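Some notes on the structure that comes next.
Each reported figure results from applying straightforward, stated rules to the coordinates on display, with no laboratory input. Just so we're clear, the structure is a prediction, and the values are computed from it rather than from any experiment. Cβ placement follows ideal geometry from the backbone for every residue including glycine, while neighbour counts extend to all protein chains displayed.
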């Protein structure tokens, strides 16, 4: 039986039990779960090991690449800039990035970048994995190309490109890289151990992700948008083992943290713009995320989604909360964060062993269900 470390507030023991059960079949290797409820960290637990061989323990301060759970930090950044009046989410992208106004992209608004509806889910020019370390190149190629579908007409998951698109907007508006803006405005004020662009001094604390299956569906048509998105460049999860990936900023995919730090930062959303006794954005600035942008079959994920401003919205497609005002996103292999504004709750789960595909599995879902059971 696995030993669960950390702290659990009385009444939330079921979350720890559900988490421990994830290890029973031997699939889970190392993971952490955190819950912030009504301003308090009521669950902060971890268990298991840092590698497949199970030789060293997952520690309180172990970090892991959370893949697309990182996107929630980007969304928080843009919602904050909009709340401060530095941008409007309905502004055309070219207002801040003039070179973007080519190849029928003048109608693309910032909200389209957030909701995966911009038609720029992949690069048209051939790219190699090492290009991901070069923000300027990744952004410039996207800035020059034409959209792959009519912007705003439907969603197609911008798995990696979203980070360079939004990152470039943030850079043009603030003069800072998205990772630095995030660090100064959210991570440092909260004392949250989450990094977009992780300095070498932290690398010894990182557990390598343990790859699952390829993103590419072997039955997909070679010229489909999904294949074009995922195969150029074709990313192997083991890129996350390299110091170059850890240190670069690929803000849609290479955030490093643990459940505690994800929950600390994202509780800004579930608590109406406030966390750790500090106000980061107004309640109205948070509510803006619920403006529905797209609902229906996603061109790339192959499942129906409902998107607000970046975040996935609680819906019949993804019923992650019993409450209406809830939003979420997760990462390749299984990490997840859920913000429930009606309950005043943020739930985060991160792990090193990647499961099947991009839309999660039951490892995150079971402790989440136990969390809602605890507050019911």
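Table for the structure above
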quantity: Size of segment 94-175 as Cα extents on the principal axes (Å, biggest first); calculated: 32, 27, 20
quantity: Choice from 337, 169, 141 showing the highest fluctuation, given a GNM over the chain with Cα pairs closer than 10 Å; calculated: 141
quantity: Choice from 362, 114, 294 with maximal GNM fluctuation in the chain (Cα, 10 Å cutoff); calculated: 362
quantity: Amide N of segment 289-317 lying under 15 Å from the label point, which is placed 7 angstrom from the Cα of residue 282 along Cα→Cβ; calculated: 289
quantity: Cα-projected label distance for residue 203 with residue 106, points at 7 Å along beta-carbon direction, nm; calculated: 4.7 nm
quantity: Mean shadow area of segment 227-376 over all directions, Cα convex hull, nm²; calculated: 9.8 nm²
quantity: Shape box of the chain [Cα atoms, principal axes, largest first, Å]; calculated: 57, 43, 41
quantity: Taking the C-alpha atoms of segment 106-153, convex hull volume expressed per residue in Å³; calculated: 80 Å³
quantity: Mean Cβ count within 10 Å, highest first, over the residues of peptides 89-97, 274-282; calculated: 89-97, 274-282
quantity: Net length gained if the chain between residue 234 and residue 140 were fully extended (0.36 nm per residue, minus Cα distance); calculated: 31.9 nm
quantity: Computed E for residue 53/residue 295 - FRET, C-beta separation, R0 41 angstrom, nearest 0.05; calculated: 0.40
quantity: Ranked packing of 237-250, 303-316, 220-233, most packed first, by mean Cβ within 10 Å; calculated: 303-316, 237-250, 220-233
quantity: Whole-number percent relative contact order across the chain, with pairs defined as alpha carbons under 8 Å at least 6 apart; calculated: 25 percent
quantity: Backbone N under 12 Å from the residue 99 label point (7 Å along Cα→Cβ), restricted to segment 130-144; calculated: 135-144
quantity: Efficiency of FRET from Cβ geometry, residue 150 and residue 365, R₀ 35 Å, rounded to 0.05; calculated: 0.50
quantity: Cα-based shape type of segment 297-350, given that a ≥ b ≥ c are square roots of the gyration tensor eigenvalues and the cut on a/c is 1.5; calculated: oblate
quantity: Segment 43-63-segment 333-348 distance, computed between alpha-carbon centres (Å); calculated: 21 Å
quantity: With 5 Å bins from 0: P(r) over segment 27-185, alpha-carbon pairs, percent; calculated: 2, 8, 15, 18, 16, 12, 10, 9, 7, 3, 0
quantity: Fraction of antiparallel bridges per DSSP, the chain only, in percent to nearest 5; calculated: 95 percent
quantity: Cα gyration tensor shape for segment 258-316, rounded if a/c is under 1.5, else prolate or oblate; calculated: oblate
quantity: Alpha-carbon centroid distance for the pair segment 250-318 / segment 99-135, whole angstrom; calculated: 21 Å
quantity: Net lengthening on full extension, residue 2/residue 188 (0.36 nm per residue, minus Cα-Cα); calculated: 63.7 nm
quantity: Segment 48-134: relative contact order as a whole-number percent, Cα under 8 Å and 6+ apart; calculated: 15 percent
quantity: Contour excess over end-to-end distance, with Cα ends at residue 242 and residue 61 and 0.36 nm allotted per residue; calculated: 63.2 nm
quantity: Helix-only CD estimate at 222 nm, as mean residue ellipticity for the chain, using -39500 (n - 2.57) per DSSP H run (n ≥ 4); calculated: -7500 deg cm²/dmol
quantity: Most mobile of 328, 27, 19 in a GNM of the chain (Cα contacts under 10 Å); calculated: 27
